[in-house]
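Asker: Sharing a structure with you now.
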Amino acid sequence: MAFLLYSATAAVLLWLAHKFVLPIGRGTAAILFLLPFCFTGKALLTGAVYAPVDLPYLTEPLRQMRVPLGAPEWHNGILSDLYAQMIPWRKAVQVALAHREWPLWNPFILSGSLLAASAQPAVYSPFTLLACLLPIADSLTFTAAVNFFIAALGAFLFARDIGCRPSAALIAAAGFMFSTPMAFFILWAIGGSWAFLPLVLLGVRRSVRQPGIASAMLLMIALTLLLLAGHPETALHAVFVGGMYGVFELLHVGRTSVRPIACALAAGVMALLLSAIYILPILESAPQSGDYQFRKTVWSQQSHAARGLQSAARIITDLFPFTSGQRWNLPGVRDVPLDSSAVGSIVLALAVYALARSRRAETWFLAGLAVFGMAARAAWKPLSDLLQHIPLFDMTITERFSFAAAFALAMLAALGFEELMRRGRDGLALTIAFATLLFVTIGTFWVSHSGIVYIKNFPEWSHYAVFGEIGCLAIFGLLLVERRRPRRRFAGEIAGAPLLLAILLVQRLLTVGDIYPTLPRQFAYPPIPILLTLKNAREPFRIVGQQFALVPGTSALYELEDVRGYEALTLERYQSTYGLWCESQPIWFNRVDDLTRPLLSFLNVRYAIAANGVPAGWHVVATQRGARLLENERVLSRAFIPKNIRLGRGLIDPTFADMQEATDFADRAWIDAPMSLHDRSNGPGTVSIERRRNGFRLNVAISNAGWMVVSEPAWNGWRAYVDGRRVQIQLANLAFLGIYVPAGQHTVRLIYLPESFVIGRAISFATLIALILFVLLKRFQPFLERRDRRVASLPDRQ
């Protein structure tokens, strides 16, 4: 299924590019279509999974199922973010769409959290929506293949637009799509976002050189897809690179009119309007998160410049890809960020040759962009400190300009190959190739034997990287030697270009082709025996794994709601409760060790998975080898009427201290309301709850007017309606929802529908409709003009 959907998507994109951007020959189109198969082909053709679905088998309850299922040992533990974030988010989007809901709320992690507004699920990207048509395993393979294809197509089109022949443009496509940062982050939102950089630059170039509606539309589409791809930080960085390129183009072309600038600005404004449904909820939600507060108050105030050895280590990983992900043995250096600029020795040699021979103006811009990206990635102090003082950049990870450096080097390689084809035989090319070979060989030997890197089968990929970097570059050098022989056309454009492309693909396959495993689809989240008993549960409930059991994110694949989680935006108020029930882990999930903590009952944790032992207040429901499913005997409903409440707001908030002492959260709740602090009895009453679209329907019977508490995290955007009348929601128990209900029987509707989403949806739909009408008008304008001319030419019968 992934193969069919990829084929259809790639065919449509190729047709659109051919019809509206520039002509693409059939042979070239076939090569572009097949390029992603170098990495994802086995998964596409056999129905396997190109994703780290083996990593959940590291913990129970899947751990003991690995051998019976025949699952292999885990392949690459550094991909943990994918199984804890990206894959569960994809499942949450699929579930929301299957229930005909807007994908706004993710009930499966952190007791409920943002979905669309957390940005990285990319819920409005057309490629995410296409992927959601497939089962989760197939959707991952499709996403990897289509992201590779978009990166290749964009790089190809940009290279062709700056004057490269098709064979050279294919070198650019392969060099960028299989660069180390793209190969590693291809299933992350960051990789999917950077894949659109070439299209953005192409739109900028067209807007400067051919300002008009067509160019503005191209840039608008590129920017919209970039924004919707799910990584706002990358969108900011890519737009910054596009702005630098626009300035370069204006200076190079020598245009003095404001038309190109107006064209680009119009495209940007339209992209923002089209993306309002996505952007406005992010802007509303981000300030509520602890992550945003950290970036704003701590991260933005720190210098992120690296020390000399740290910068040197980063540059070494750019030049010698086999060191990426390794442990380092330098003072103050243990790990180096994985967002490398590495493109491989062949691309590097061609890029150096372009700098020596090409006289195109683009060569110098691309060279400057490569230096800028590599310096940013190395956290070179002058540049790092400068970027730190640019608004918004102080809150981003500027090392990720490494993607721009990889793109620039791939484009330089295309220009170098173009120059080589133009000149025929050139001794300088041979000299540069063997000089690069000598440099890579000596450098590899030095790094391997100097002891600065621990090379002990870690990481789990790049086992053949050294051979690929040296051996394939040597073959490239021999190809150039053959080319220098008189009356030989073995390495001419007809034979040499495909051969060089093949050598480049082999090198990248050997170097980074095994970052991701390709696994049989039956290993992707098979049924877990002890969880089958939960299918009959009707009322909403939550589950937790003790310590590392059911590692967060896994629950989403079984449509189970967990109180733990790990994502970019976590409600700051929810994080403030961690000391009451879990252990916070930096850059990882909030671990639950003690199942007897009372707040777990308040959080509606009805079930837990534990390896051994039965804590007080729990009993065993089901067992399987290595894991037990426990049921909480004191669990509270998702919504309930507490017996007593502490209502109001004091000068000093004592709620956390009071909640630390609480042993029964059904007895007392804390409501933050604009009044003096006081205690009062509440209820009594009962609540029945059932899930409804983007929320819940609650039937409440309460003897006296009082407060109902709902253990859903209090993100802005929740709306409560009592018998159809909207009522105000107050903060309960530090981070949850409190609703005042009059005496008697009532129907309460609780729905997550942020105002920012409603406004953004209206703006995006209105803009889309206006664009469609504009395109239709432009399309039928010639017909209307011909009709008017015919009418005007008719004789006057009066």
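Asker: Which of the lysines could be linked to LYS91 by a straight reach, that is with a Cα gap under 22 Å, when you skip same-chain ones fewer than 8 residues away?
Answerer: LYS91 reaches LYS535.
Asker: What ranking do 267-277, 110-120 get when scored by the average of other Cβ atoms within 10 Å per residue, highest first?
Answerer: 110-120, 267-277
Asker: Roughly what would the spin-label model give for SER80 and SER584, points 7 Å off Cα along C-beta, in nm?
Answerer: 1.8 nm
Asker: Below 8 Å, C-alpha to C-alpha, sequence gap of six or more: please give me the relative contact order for segment 661-731 in percent.
Answerer: Working: 53 pairs, mean separation 19.3, N = 71.
Computed value for segment 661-731: 27 percent relative contact order.
Asker: Once R0 is set to 35 Å, what does the formula 1/(1 + (r/R0)^6) return for the Cβ-Cβ distance between GLU661 and GLN522, expressed as a FRET efficiency to the nearest 0.05?
Answerer: E(calc), rounded to 0.05, equals 0.10.
Asker: Roughly how much of ASP385 is accessible, in Å² to the nearest 10, using a 1.4 Å probe?
Answerer: Answer for ASP385: close to 40 Å² accessible.
Asker: Still on this structure, please answer the following. State the percentage of accessible surface on segment 533-674 attributable to carbon and sulfur atoms; use a 1.4 Å probe and exclude ligands, DNA and RNA.
Answerer: 46 percent
Asker: Please give the per residue accessible area of segment 529-593, computed with a probe of 1.4 Å over protein heavy atoms only, in Å². Spell out each step's value before the answer.
Answerer: Working: 2550 Å² over 65 residues.
Heavy-atom SASA per residue in segment 529-593 reads 39 Å².
Asker: What do you reckon, how do ASP562, ASP394 stack up by accessible area (1.4 Å probe), largest on top?
Answerer: Sorted descending by solvent-accessible area, the residues read ASP394, ASP562.
Asker: Tilt of helix 465-484 relative to the longest C-alpha principal axis of the chain, in degrees (0 to 90, nearest 10)?
Answerer: So the helix axis and the longest Cα principal axis differ by about 20 degrees.
Asker: To the nearest 10 degrees, how steep is helix 755-793 against the longest Cα principal axis of the chain, on a 0 to 90 scale?
Answerer: 40 degrees
Asker: Oh, and also: If r is the Cβ-Cβ distance from LEU338 to GLU101 and R0 is 45 Å, what FRET efficiency results, to the nearest 0.05?
Answerer: Calculated value: 0.80.
Asker: Another one. At what distance in angstrom do the alpha carbon centres of segment 257-317 and segment 548-621 lie from each other?
Answerer: Cα centres, segment 257-317 to segment 548-621: 32 Å.
Asker: Also, quick follow-up: Find how much the distance from VAL258 to THR431 grows on full extension, using 0.36 nm per residue of separation minus their present alpha carbon separation; answer in nm with one decimal.
Answerer: Fully extending the segment from VAL258 to THR431 adds 57.7 nm.
Asker: If you don't mind, another one. May I ask you to order 464-476, 158-170 by the average number of other C-beta atoms within 10 Å around their residues, highest value first?
Answerer: Order by mean packing, descending: 158-170, 464-476.
Asker: So what J values fall out for segment 433-449 if you push phi through Karplus, 6.51 cos²θ - 1.76 cosθ + 1.60 with θ = phi - 60°, rounded to Hz, Gly and Pro as x?
Answerer: 4, 6, 5, 5, 4, 5, 4, 5, 5, 5, x, 5, 4, 5, 4, 5, 10
Asker: Still on this model: When the solvent-accessible surface of protein heavy atoms is calculated with a 1.4 angstrom probe, in what order do VAL200, VAL298, VAL506 fall, highest first?
Answerer: VAL506, VAL298, VAL200
Asker: Work out from phi, with θ = phi - 60° and the Karplus expression 6.51 cos²θ - 1.76 cosθ + 1.60, the ³J(HN,Hα) of each residue of segment 522-528, listed in order in whole Hz, and give x for Gly and Pro.
Answerer: Ordered by residue, 3J(HN,Hα) equals 5, 7, 7, 6, x, x, 9 Hz.
Asker: If I stretch the segment between SER681 and GLU559 completely, what's the gain in nm (0.36 nm per residue apart, minus their alpha carbon distance), one decimal?
Answerer: Between SER681 and GLU559, full extension yields an extra 40.2 nm.
Asker: Measure off 7 Å from each Cα along the Cα-to-Cβ vector at ALA11 and GLU690, then give the distance between these two points in nanometres to one decimal.
Answerer: If labels sit at ALA11 and GLU690, their model points lie 4.5 nm apart.
Asker: Expressed as an acute angle from 0 to 90° and rounded to the nearest 10, what is the orientation of the C-alpha long axis of helix 361-377 relative to the principal long axis of the chain?
Answerer: Helix 361-377 sits at roughly 40 degrees to that axis.
Asker: Give the carbon-plus-sulfur fraction of the accessible surface of segment 306-383 in %, rounded to a whole number; probe 1.4 Å, heavy atoms of protein chains only.
Answerer: 65 percent
Asker: To the nearest 0.05, how large is the calculated FRET efficiency for GLU572 and VAL621 if R₀ is 45 Å and r is the Cβ-Cβ distance?
Answerer: 0.85
Asker: Another question, if that's okay. Contour minus end-to-end for GLN64 and HIS18, with contour as 0.36 nm per residue of separation and end-to-end as the Cα-Cα distance? Don't jump to the answer; show the numbers that get you there.
Answerer: On the way: separation 46, 0.36 × 46 = 16.56 nm, distance 5.16 nm.
Net length gain for the segment: 11.4 nm.
The values are calculated or read from the model by the stated rules, or taken from the named source; none is laboratory data. Just so you know, these numbers come straight off a predicted model, no measurement behind them. Every residue, glycine as well, gets a Cβ built from its backbone with ideal geometry; the counts of neighbours run over all protein chains shown. These area figures cover heavy atoms from the full protein model, side chains too; ligands, DNA and RNA do not enter into them. Shrake-Rupley method; radii C 1.70, N 1.55, O 1.52, S 1.80 Å.
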